[in-house]
1. Using a/c under 1.5 as the rounded threshold, could you call segment 127-244 rounded, prolate or oblate? The axes a ≥ b ≥ c are square roots of the C-alpha gyration tensor eigenvalues, and prolate needs a/b larger than b/c, oblate otherwise.
2. Compute, for segment 74-191, the length of the dipole vector about the Cα centre, with Cβ point charges of +1 (Lys, Arg) and -1 (Asp, Glu) only. Units Debye, rounded to 20.
3. Rounded to the nearest 0.05, what FRET efficiency is calculated for His332 and Arg289 with R0 set to 30 Å and r the Cβ-Cβ distance?
4. Among bridges DSSP assigns within segment 87-220, what percent are antiparallel (round to 5)?
5. Any idea what the dipole of segment 267-365 comes to, in debye rounded to 20, about its Cα centre with Lys/Arg Cβ at +1 and Asp/Glu Cβ at -1?
6. Specify the residue with the greatest mean-square fluctuation among Leu359, Leu333, Leu264, computed from a Gaussian network of the chain linking alpha-carbon atoms under 10 Å apart.
7. Along the positive direction of the dipole of the chain (beta-carbon charges: Lys, Arg +1; Asp, Glu -1; about the Cα centre), which of Leu122, Ser210, Val18 reaches farthest?
8. Using alpha carbons only, how many angstrom separate the centre of segment 1-53 from the centre of segment 243-296?
Amino acid sequence: MFDALLGFVRAHYRSEGVIALHEPLFAGQERTYVNQAIDSTFVSSVGVFVDRFEQDMAAYTGSPRAVAMVNGTAALHVALRLAGVGQGDLVITQPLTFVATCNAIAYCGAEPVFVDVDRHTLGLSPAALADWLDEHALLDHDGVCRSKDGLRPIRACLPMHTFGHPADLDGLLAVCQRWHLLLVEDAAESLGSLYKGRHTGTLGTLGTLSFNGNKIITTGGGGMVLAGAELGQRAKHLSTTAKTAHPYEYVHDELGYNYRLPNLNAALGCAQLEMLEPMIAAKRELALRYAQVLQGSLQFVHEPEGCRSNYWLNAVVCEDRAQRDALLSESHLQGVMTRPIWTLMSELPMYAACRRGPLTQAAYLEDRVVNLPSSVRAEDLA
Ligand SMILES: *Cc1c(COP(=O)(O)O)cnc(C)c1O
């Protein structure tokens, strides 16, 4: 049933062993830069590679400021704090995401509200967002968006660009503007993906990236906040223990975090970022080949119109849950690592009681989406 697909994967990766879902590739200056960091003795919280990584990422994405963090979850936590999210607030997000998106909301003492995704983008649906707000929200006398139930402030909307495919950002921005909500983008999976020519993570008020080992580029562990100059400065302050500038005194002017990315990790990041565009080209080539192999069988997830996806993880939508299970078990039997999409956040015990709209598309996709091996090999790079 899946012979053509699994045969293609095995031939493509030219391997008799287990084929991973996603492996990092170190084909550039990684060893050189990491060794330079070691030789400098600056491996920890200060060093030239942190500044360079931030500047290179700002230049690459077109974001005025990029601030490095220890991981993507920490970046989300800081971004939400800067969006004003605090105790008792609500943040609207999608149920179809990795748990970090919701955990960061909870770390702020806030609660996620789950709104459905669009079937073609796999990201938060502007129509579902507008519907939920029309039914459940109001703007108070000060222009603050609140839930009708309990008058809880709704501070922000947090879409996620699933597997690298940009969500409908124009649609989401229009609804957010109408309801005075800040848009924060979880762009952990979509570094290098473009929405109408602009980098995901730079269209909202704040955006976040992840450089975990399974992402398109890695620093071992790491993340970043993308923001304007002022919020970027605030992100730097909060993530470096909120220490005030002074040659030797220790004064901290608010509750901060030790979220700064070590220089050793940033060295790896500088080298990986140099390889990002060739990586994306190779990933897009692989996606094209998957789409060809799957023609007439499984439905391949294509980039949305007007977008350039980084195709971080290739995905198919099976006909039903039974076919999904058959694909998962057959591929694992043949040593090809495939993965189902996440269990919906709205079903996890810590978020089971959260507010939600109808989640029809999310449930449809939860039953059917499977990720395919998506690593880039050294020989794929042009
Ligand atoms: C990877 C990821 C994150 C951040 O993960 P870290 O492991 O903390 O870097 C956040 N959101 C999504 C959707 C992710 O895929």
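What follows draws every value from the coordinates through simple rules; no lab data is involved. Keep in mind the model is a prediction, meaning the values are calculated, not measured. Counting neighbours? That spans all protein chains shown, and the Cβs are built from the backbone with ideal geometry, glycine included.
1. Oblate.
2. Values: 7 positive and 15 negative charges, 56 e Å.
Here segment 74-191 has a charge dipole of around 260 debye.
3. With a Förster radius of 30 Å, E is 0.85.
4. Antiparallel: roughly 35 percent of the beta bridges in segment 87-220.
5. Result for segment 267-365 is approximately 200 debye, rounded to the nearest 20.
6. Leu333
7. Checking the options against the dipole of the chain, the answer is Ser210.
8. One Cα centre to the other: 12 Å.
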